[in-house]
1. How do 22, 80 rank when sorted from fewest to most other Cβ atoms within 10 Å of their own Cβ?
2. At a 10 Å Cβ-Cβ cut-off, how would you order 51, 65, 25, 84, fewest neighbours first?
3. Please report the base-10 log of the normalised intensity I(q)/I(0) for segment 5-73, using a Debye sum with one equal scatterer per alpha carbon and no solvent, at each q in 0.22 (1/Å).
4. Modelled label-to-label distance, residue 28 and residue 94, 7 Å Cα→beta-carbon offset: nm?
5. With labels modelled as points extended 7 Å from the Cα through the Cβ direction, what inter-label distance (nm, one decimal) is found for residue 1 paired with residue 84?
6. Please go through the chain and write out the GluC sites (Glu not before Pro) that DSSP classes as loop and that have at most 15 other C-beta atoms within 10 Å.
7. If you stretched the chain out fully between residue 21 and residue 58, how much longer would it get, using 0.36 nm times the residue separation minus the C-alpha to C-alpha distance?
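Every number in this text was worked out from the coordinates using simple rules, so none of it is lab data. What you see is a predicted model; the values in this text were computed from it and never measured. We place every Cβ from the backbone using ideal geometry, glycine too, and count neighbours over all the protein chains shown.
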Amino acid sequence: MAPAFAAILERWALGGRSLAIHVTRAIKLLDLYGDEVFAAAVAEIAERGLRDVGALAVACDRIRRDRHRPVPVDITLPAHIEDRDIVPHDLETYDDD
């Protein structure tokens, strides 16, 4: 999906950065922005020789805007609420003829 991510991982490791923190933040960006935007941002960051997660986040958001995609919203449901798919029903049952 993002082949250039290996180069960024290597930069984090060689720079003495906490891989756990940086990978966790990168995964969050992947979840928020999706595969395409994340992969494009990773390729851009790797090409520019950058390694900061903040730069990756900025690149993701700029690419999202350039592609006219909506702002990602991270919604965390409380533990007592189950995440379910809602199947709409036929609205014709409301018609009075």
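1. 80, 22
2. 84, 65, 25, 51
3. So the normalised log intensities work out to -0.88.
4. The two pseudo-label positions are separated by 3.9 nm.
5. Result for the modelled spin labels: 2.9 nm.
6. Here the sparse-neighbourhood loop sites are 82.
7. Extra length from residue 21 to residue 58 when fully extended: 11.6 nm.
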